[in-house]
Amino acid sequence: MKSLLLLLLTKLSGRHFKEELRTIESINEGEVDLEGFVERSLRNLLVHAHDKVRYYRPVLEGAGVITGGKVSLENFSKVRILRRADVQDRFQDLLSEDISKRRYYTDATGGSTGRPIRLVRDLNSYRWAKAAEFFYYDRFIGVDETLAKKVVIWGYARELFQGISMKDKIIHYLTNTLYLNAYLLDKDKLRKFVQKINNYKPDILRGFSSFLYVLGKYVLENNLEVHSPKAVISTAETLTSHRRGVIEDAFGARVYNFYGAAEVPSIAGECNRGSMHIFFFNNLVEMLDKEGNPAPEGSLGKIVVTSLHNYAMPLIRYEIGDMGVAKYGKCSCGSVLPVLGEVSGRLTEFVVRRDGTLLAGEFFEGIFKFEEWISEFQVIQEDYDRLRILVVPKGKADINFETPHERILRVMGADCKIRWEIVDEIPRPPSGKYLYIRSSVA
């Protein structure tokens, strides 16, 4: 009955991905050529972006990608890189002129690099991302992601203030998903998490690597028995070898790394040989050196992504903010999908309350992501009850600390001292990448 209700709901909402999954399976079986599919998809996207998106007309013409209506893919590498600042500053210009005719939804990144941005995705790109995810679980892990029992350890700031919506409760029920909110982690909550996992007995355990690591460490340190799922999926953060080892020891199951982002979901997933396979049918991925050229094999490069199916707000050659090791060729597992080397993205830090409770950095992401006047931020914990928050405002937007200030105090405690500082830029280390949460007591 659940599966029938879910099928009806996804069809009515335009989220049923049967056709997209059929195409992916045809590519996987060799019935459809992957490179040919990607080339056709890219050509169609470029023509649409040129004709319907104000931002891209001069960009594509200037790069020689589109001249007189003709697409020249050999010049694609000349298209200027799209950065987060561009998405913030040129948001309206990046929207398709025919967006009113499309079924779309709005979203925002969590601000994992300290720079939250608004997004628009159409249902076509949603279906492709979900189809890629379903394909990955089915072919690489061997479970039906839709029907499998899942425990998801995540962080939702909204639930701390508004609770879980009825819509979300229905979706969780139909997809056999038990969500555990990990924004605030103390020993009592960790113990309850273990109890819930043991009672629910999930096939899949999924979550941020930091949440899974903290829970796994708690299990090992307290010598607890915990249900062993078929697989543990780490996503949204960098999975270090140390974190992987702790999680696998705690849960007695293999950990798989799944890579994606709010802007460009379902980028790559790890197979049982340890290779990260790029879902090229969903996103075109480039690895670039400092000069913008393809990074040599084995070297560290910037990850640049083109979302092939989001026509509502095309992201072409988008610099996602992560680094990765360039790796070319195929994997011995036999998949036709190309591979990506180790991804070096973000490692979330925690803010620590005086009682020892850990407050995940995602809490601050959730608070700031919809504050449209904030361009960049960084939270610095100087002591248990003292925070300094650096903010780069967006243009001449009205500055209003009242709502985020009040929400932080509700979680950190009324005695917490918060000092807001308006700055022109956030200081960066030599690497150019910084933690948006820095704690001196974590």
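Read-outs: derived from the displayed coordinates by stated rules, not from any lab. Every value quoted in this text rests on a predicted model; they were computed, and no experiment measured them. Quick reminder, even Gly has a Cβ in these numbers, built from the backbone with ideal geometry, and neighbours come from all protein chains shown.
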Relative contact order in percent for the stretch 179-246 (Cα pairs under 8 Å, 6+ apart) equals 39
When a/c reaches 1.5 or more, the comparison of a/b and b/c decides; with that in mind, is the stretch 350-439 rounded, prolate or oblate per its Cα gyration tensor?
oblate
With the dipole of the chain defined by +1 on each Lys or Arg Cβ and -1 on each Asp or Glu Cβ, the option from T177, I153, F135 whose Cα lies farthest towards the positive pole is T177
The chain: antiparallel DSSP beta bridges as a percent of all, rounded to 5:
60
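Considering only the other residues whose Cβ falls under 10 Å of the Cβ of F17, what net charge follows from Lys and Arg at +1 and Asp and Glu at -1?
+2
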Low-density loop positions, GluC sites (Glu not before Pro), the stretch 191-259 - DSSP coil, at most 12 other Cβ in 10 Å:
E225
Could you tell me which trypsin sites (Lys or Arg not before Pro) in the stretch 366-430 are loop residues by DSSP with no more than 14 other beta carbons within 10 angstrom of their beta carbon?
K396
How many angstrom lie between the C-alpha centres of the stretch 33-105 and the stretch 356-373?
32
State the Cα centre-to-centre distance between the stretch 225-244 and the stretch 303-355 in whole Å.
18
From phi via Karplus (6.51, -1.76, 1.60), per-residue ³J(HN,Hα) for the stretch 75-87 in Hz, x at Gly/Pro
9, 4, 5, 8, 5, 4, 5, 8, 10, 4, 4, 5, 5
